[in-house]
Structure formats: C-alpha cells, structure tokens
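Colleague: Here's a structure for you.
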Amino acid sequence: MDVFTLNWGRSYNNPQVDSATIAFHSVLPWPLYYLHRFNAGSDSAYIHLSDGGQSENLGAYSLIRRGVDTLIISDHAYDRGGRMDDVCRLKTELYQVGLSLVLPGLADLDRVCLGKQDGYDIFHWQHPVLLGCIVGNTDDRDCSHLPERWDRQRGKYFARVFIIKPAFANDELSQALQNLSKAARKSDSEGDELISKICLAQQGFKNSSPWKFEGGLSCEILWFMRINSFVKENLNSTDECPQFPQYSTVSMTLNSSPWMYGVSRELGYYYARQLKWFFADDSLNISRFTDALEYQAKSPIYPALSEGGLLGAPKAGKPDDCLGLGVTQEQF
C-alpha cells in the first residue's frame, strides 16, 4: 500500500477542526501537508475510516481500550483450516500491552498461534460458543475466578469473552449430517422423506450441553445441506468437503444467492439463541458463564487430531475425501 500509494478506506473532515483549517490543509502540496494536521490525534484534519483487516480484523481491540468488560466476538473471517489467525493476532496485540486472551476451550492455542501446531477442525467444533477472558499477563489465568464487575478505580482490567465461528458446532448436527449423507445416496423421494423426518426431529429439541438450551438447527439449514452440500460443484476444491459453513469472501461475493443468504442468516440465528441463554434479564448470568467455561476447560477442542474426526472431515485444511459425508467419486 505504501509503495503504490493505494487508498484503503475513506477520509472525512474532522468535525472538531474548523473548516478554514481543513481548507488550508487540503491545498498544501506534497510534502508540506505531512507537517500540518497530519496525525492520529483529535486535532487531525481528517478522520480516516478503513476495513479492520489491515490492523485488527475482529474489531475488539478498540472496545478493550475503552474498558468494555463483556465482549461478543464474531470471528467470521475465512478460516477453513481453523488457524484462528484473527484471534491469534488479537492475542498477540493484547500481550504487547500487558493483557492475555485466555480461551480454555481451545487446547494448545499458544502453539497454534506460533505456527508450531496445526489448526483446529472446524467440522468438529464441539463448542457452539467459545468462552474465555482477558486478564493481565501477571494475573491468575483461570477465567472462572473473575469478579462480577471491573472496578475501574483499582485499575486492573479484565473482560469476559464470547467467540462465535462458522463451524459444525454440536453433536446433534453431526448426527443430522450423517443422516443427510445417507439421504444423498437415495432417490429424491426417499431422501426428501428422510430429511423431513430429520427436520421434524429438530423441532423443540433440547440438548444436554452445559447451557441446557436448544441444540437443534433450523429446517432451512438442514434443507440447504441436503440440496447443496453433497454435489461436486458445491465442494471445496482443496479438501473436497462441503463449502458451508466456511465460504471465502471471494466466493460469497461472486456466487451469492437468496439461499446462501438464508442459510447464513439461520446460522447466525442459531448462535444468537446460544448466546441469549447467558444473558438472563438482559444482563450476563455469571453462574451460567462459569459453568459453561468449566465444561469447556475440561473438554477442550484439540488441534489437528490424528484420526478422522466428524465424518472424516479435514484437519486444518488438509485434503480429505469426506467419505463420511456420502460424497464419493463414483457419485460424480
């Protein structure tokens, strides 16, 4: 960007600076304008807004600087290999200012962030919502011992963190996909009858996870998987597994459709239902947070398991034939 002077983002007049000063700045030639109101302070001539991808893609760092003590982070950047690049980048930036991002539900996250360990299997995610905390580097790294609220007067910052990620995130979906793979091998009528039974079985389902809330997915997601996820044109060319739920930004842009919009909306609604359970009466229920966090600490997601995971899906983006999904070369 510096070499080719590419313009990333958009600049707006700073409302705290008078129009005459901005007009003077705008007529200054290069390199004189660098010497006048060209800084990142509140008296800068312009406010520059840009996509967070070039700095901190999750948008969490600015909230942490403001002292927000409950964060819901939507990590929806393309991450088919489960490398957690954006989370790792935030983790690194926080460490440089004396804070640690702790996620007990992800085993060996430090090694993954350092590139010493392969990523996590997004096809066998296990925790619909990841829980964690942000604490000082020298503080107790156990997120379950956080106080109820941050006392700004005492200084030490902490936050409770929720992270959601497009992934196959529960055992119920795993079982439904196995049934769907059977439906993909059947005739249209047999497959439709089976998917109808699966869909109806999801209605009103209550799971036995630590947050004891609805685990079933919507009919729209299940029908989308039935129709779109077991044909060659909708498989990822690298690992030969279904594109959903990890689409790249380019493919989402070039191949968007009402159906893709609908299934993405329904996946978001699923995560919103999971999150809502933690916020009884519009405030965070500390007891529920602690219970779910302790469960995730005891049953973490491990990176790059050696044996096949959910339906034989790929580990960290490694090629796999996804036979468990009912997709074989003979079908093509």
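Colleague: L106 - would you say it is modelled with pLDDT of 80 or more and over 22 Å from I301 (Cα atoms)?
Modeller: Considered against the rule, which asks whether it is modelled with pLDDT of 80 or more and over 22 Å from I301 (Cα atoms), L106 comes out as no.
Colleague: When you go through R141, R154, R89 one by one, which is the residue that is within 25 Å of Y302 (Cβ to Cβ), surrounded by fewer than 22 Cβ atoms within 10 Å (Cβ to Cβ) and at pLDDT below 80?
Modeller: The conditions single out R141.
Colleague: Which residue, of E233, E190, E214, is open to solvent by 60 Å² or more (accessible area, probe 1.4 Å), modelled with pLDDT under 70 and over 17 Å from Y78 (Cβ atoms)?
Modeller: None of the other options fit; the residue is E190.
Colleague: Of the numbered conditions (1) exposed (fewer than 11 other Cβ atoms within 10 Å of the Cβ); (2) modelled with pLDDT of 90 or more; (3) charged (D, E, K, R), D69 fails exactly one; give the number of that condition.
Modeller: (1)
Colleague: Considering every residue within the range 110-129, establish whether at least one is under 30 Å from P245 (Cβ atoms), open to solvent by 10 Å² or more (accessible area, probe 1.4 Å), among the basic types (K, R) and not in a loop (DSSP other than H, G, I, E, B).
Modeller: yes
Colleague: Six or more apart or on different chains, Cβ under 6 Å: which pairs go from a residue in the range 255-266 that's free of Cβ contacts under 8 Å to residues at least 60 places away in the same chain to one that's part of a helix (DSSP H, G or I)? Could you list them?
Modeller: Pairs found: G262/E220; V263/I221; V263/F224; E266/E220; E266/I221.
Colleague: Moving to a separate point now. Check whether at least one residue in the range 48-64 is open to solvent by 60 Å² or more (accessible area, probe 1.4 Å), touching a strand residue (DSSP E or B) at 6+ places or on another chain (Cβ under 8 Å) and over 25 Å from L146 (Cα atoms), and report yes or no.
Modeller: Yes: the range 48-64 contains one or more residues that are open to solvent by 60 Å² or more (accessible area, probe 1.4 Å), touching a strand residue (DSSP E or B) at 6+ places or on another chain (Cβ under 8 Å) and over 25 Å from L146 (Cα atoms).
Colleague: Is it the case that Y261 is part of a loop (DSSP other than H, G, I, E, B) and either touching a Gly at 6+ places or on another chain (Cβ under 6 Å) or closer than 20 Å to H76 by Cα (or both)?
Modeller: Here the answer is no, as Y261 does not meet what is asked.
Colleague: Contact list please: Cβ distance under 8 Å, first residue in the range 100-120 and closer than 20 Å to S144 by Cα, second residue hydrophobic (A, V, I, L, M, F, W, C) and open to solvent by 20 Å² or more (accessible area, probe 1.4 Å), pairs at least six apart or on different chains.
Modeller: P104/A297; G105/A297
Colleague: Can you spot a residue in the range 27-35 that is in contact (Cβ under 8 Å) with a residue 24 or more places away in the chain and among the hydroxyl-bearing types (S, T, Y)?
Modeller: Within the range 27-35, none of the residues are in contact (Cβ under 8 Å) with a residue 24 or more places away in the chain and among the hydroxyl-bearing types (S, T, Y).
Colleague: Do we find that R111 is out of contact with any Cys (no Cβ under 7 Å at 6 or more places or on another chain) and under 18 Å from T290 (Cα atoms) in this structure?
Modeller: No, not satisfied.
Colleague: Still on this structure, please answer the following. Of all residues in the range 269-295 being of a type in the set (G, A, S) and open to solvent by 40 Å² or more (accessible area, probe 1.4 Å), which is nearest to I122 (Cα to Cα)?
Modeller: For the range 269-295, the residue satisfying everything is A272.
Colleague: Ok, one more. Report, by residue number, each residue of the range 24-38 that is surrounded by 11 or more Cβ atoms within 10 Å (Cβ to Cβ) and either more than 12 Å from N13 (Cα to Cα) or not charged (D, E, K, R) (or both).
Modeller: If the condition is that a residue be surrounded by 11 or more Cβ atoms within 10 Å (Cβ to Cβ) and either more than 12 Å from N13 (Cα to Cα) or not charged (D, E, K, R) (or both), then F24, H25, S26, L28, L32, Y33, H36, F38 are the ones that fit.
Colleague: Next question, about the same structure. Going through A176, A159, A184 one at a time, which residue ends up being at pLDDT 65 or above, of a type in the set (A, V, I, L, M) and more than 17 Å from K91 (Cα to Cα)?
Modeller: On inspection, the qualifying residue turns out to be A176.
Colleague: Further question on the same structure: Determine the pairs where a residue that is closer than 13 Å to R160 by Cα, located within the range 281-299, has a partner that is in a helix (DSSP H, G or I) with Cβ atoms under 8 Å apart, the partner being 6 or more residues away or on another chain.
Modeller: R288/A280; T290/S144; L293/C143; L293/S144
The values are calculated or read from the model by the stated rules, or taken from the named source; none is laboratory data. Since the model is a prediction, treat every value here as computed from it, not as a measurement. Glycine also receives a Cβ, built like all others from the backbone with ideal geometry; neighbour counts cover every protein chain displayed. Calculation scope for accessible area: heavy atoms of the full protein, side chains included, ligands and nucleic acids excluded. Shrake-Rupley method; radii C 1.70, N 1.55, O 1.52, S 1.80 Å.
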